[in-house]
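First the structure, in the form of structure tokens, and then the observations on it.
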Amino acid sequence: MRTQRLLIIIFTIGLLTACAPIEELLYNNLWPTHTPSATKPPSATPAPITPSPTNAPTTTPSITPSPTLSPTRKPTYTPWPSITPAVAAPTVPTVPPYVRIKPDNIPDSINPLTGLVVPNPNLLDRLPIAVKVALFPLHTLPPAGISRADHVYEYYLEYGLTRLMAIFYGNDVARVGPVRSARIFDAHLVQMYNAAFVFGGAHKDEGTPRDVYGYLEEALDPNLFVNGLIFECTPYLCRDESISSYNNIFGNTHIISQLITQRGIDNIRPNLANNYFYAPEKRNQEQANQIFLFYSSQSYSYWYYQPGPHQYFRYQGISYETEDYIKLIDRYTGTPITAENIVVLLVDHEFYYHSSSTEIIDIQLTGSGKAYVFRDGQVFQASWERTDENKPLAIRTPNGSPLDLKPGTTFFQIMSTNPQPTQKGQAWIFEFEPPEEDEQNGEQ
């Protein structure tokens, strides 16, 4: 094993009984009495895994089962009874498999983020919606609405935790969340999609490096902010009072888009075409039916390829004590979290600010870097390129030629550039290595 497991980390969340303490918590982005250690992630050797019998893959994984988690420690996956999807997810027409979607001549009815025909092309005549979504604490699982996103990013937040940014463009969802706080890295993703930005507060500390909100105000257009730091229910963002914690803000992407228009902003179609899509599989590539991602002993997951639906299914780590997983189901739609493409981006991470109580990570998603693309149960070595700050990343082969993504959803996993991935049979294993503290960037 290249690294050792982190010590057991127990979250102690203080009782929140008034709006003022909650507001302070959301602005300051601090966990009450939470002092985890940002040391190396767990071992790269994955524990044996078996999805639950009701969701068992059609083929046997190359890694054998581990003990299942005690039912008392599993998150509750039953949807809230008061919530019913406003509209059932539409059946998306498929692009003929012999048609290659190219960014220079993409039809108006095709979503440039997925390569799929959109049932309602009018949805593409607007700005995308970028929503920050929580994965932690574990009792917040599973997230709601992200199964309807076109692109989803997972990245290292701080102290061993990760968070999601879900991009909605060709689809809407009436409930997405829990919506959580912003970080400086979000500026990259919001710029790339020219998106309205939905988040739940950000740390304010004017004149210091800890002023995350001020950083975002300078980097982005604040008129596109939809700040979820609210304590009343609105049509676009609402607290679910049945959830007794601060992880209870949920958004409606359709109403959020209407809000942007009502503000007098040009809510029009941006140029997001930057990738190629082609449905037929390329064979004779290296097989890869599992993708393990270890950010820390708190944040770990894997994707499992199922040949029947030709999709990757997400299995989420649900214990800080042992390596245990459960199939991740969207709390709102009731459907599994899946993707046609898993793109692992290797990106340099540095401390923007680091003190005894604060970690702000600078993830340098500019220029280009190495990537791995997983589609159709195969792996392709690739590169990512930020060709334009106002366009999504371009995915290329190592020699710079376009690399065809499979039409459908893409999930981007942002990992550190070291260490390099390892293999165990058809399982690919990625470990995150936190940045080292720079003496010049220490406590201030």
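Convex hull volume per residue, computed on the Cα atoms of segment 296-347, equals 106 Å³. Pairs over the 21 Å Cα-Cα cut-off, from the set Lys370/Lys406; Lys102/Lys132; Lys282/Lys391; Lys102/Lys406: Lys102/Lys132; Lys282/Lys391. Judged by the ratio a/c of the largest to the smallest principal axis of the C-alpha gyration tensor, segment 193-295 counts as prolate, that ratio being 1.5 or greater while a/b is larger than b/c. For segment 118-213, a/c is not less than 1.5, where a ≥ b ≥ c are the root eigenvalues of the C-alpha gyration tensor, and a/b does not top b/c. That puts it in the oblate class.
For Glu437 and Ser109, what is the calculated FRET efficiency with R₀ set at 41 Å and r taken between the beta-carbons, to the nearest 0.05? Computed FRET efficiency for Glu437 and Ser109: 0.25.
Seen from all directions on average, segment 191-239 presents a Cα convex hull projection of 4.1 nm².
Local charge sum around Glu154 (other residues, Cβ-Cβ under 12 Å, Lys/Arg +1, Asp/Glu -1)?
On the way: positive: Lys132, Arg163, Arg314; negative: none.
Charge balance in the 12 Å sphere: +3.
Computed with a 1.4 Å probe on the full set of protein chains, the accessible area for Ile106 sits at about 40 Å². Computed from backbone phi with θ = phi - 60° and the Karplus coefficients 6.51, -1.76 and 1.60, the 3J(HN,Hα) list for segment 217-223 is 4, 6, 7, 10, 8, x, 5 Hz; x is used for glycine and proline. Convex hull volume of the Cα atoms of segment 317-369, normalised per residue: 184 Å³.
When the surface is traced with a 1.4 Å probe over the full set of protein chains, Ile268 keeps roughly 100 Å² accessible.
Pull out a ≥ b ≥ c, the square roots of the eigenvalues of the alpha-carbon gyration tensor of segment 331-444, then state rounded if a/c is under 1.5, prolate if not and a/b is larger than b/c, and oblate in the remaining case. It would help to have the intermediate numbers written out before the result.
Numbers: a/c = 1.78, a/b = 1.58, b/c = 1.13.
It is prolate, given that a/c is not under 1.5 and a/b is the larger ratio.
When each of the peptides 428-434, 195-201 is scored by how many other beta carbons lie within 10 Å of its residues on average, the order from highest to lowest is 195-201, 428-434. For the pair Glu232 and Gln262, a Förster radius of 22 Å applied to the C-beta separation gives a FRET efficiency near 0.75, rounded to the nearest 0.05. Using DSSP to call loops (not H, G, I, E or B), can you name the GluC sites (Glu not before Pro) in segment 323-427 whose Cβ has at most 15 other Cβ atoms within 10 angstrom? Loop-located and lightly packed - Glu389. Here the mean projected area of the convex hull built on the C-alpha positions of segment 350-416 is 6.1 nm².
Using a Förster radius of 35 Å, what is the FRET efficiency between Ser242 and Gln285 based on their Cβ-Cβ separation? Nearest 0.05, please.
Working: r = 47 Å, r/R0 = 1.34.
It comes out at approximately 0.15.
The values are calculated or read from the model by the stated rules, or taken from the named source; none is laboratory data. Everything quoted here is computed from the prediction, not taken from an experiment. Because the Cβ atoms are built from the backbone with ideal geometry, glycine has one as well, and the counts that use them run over all protein chains shown. The protein model used for the area step is the full one, side chains on, heavy atoms only, and it has no ligands, DNA or RNA in it. Shrake-Rupley method; radii C 1.70, N 1.55, O 1.52, S 1.80 Å.
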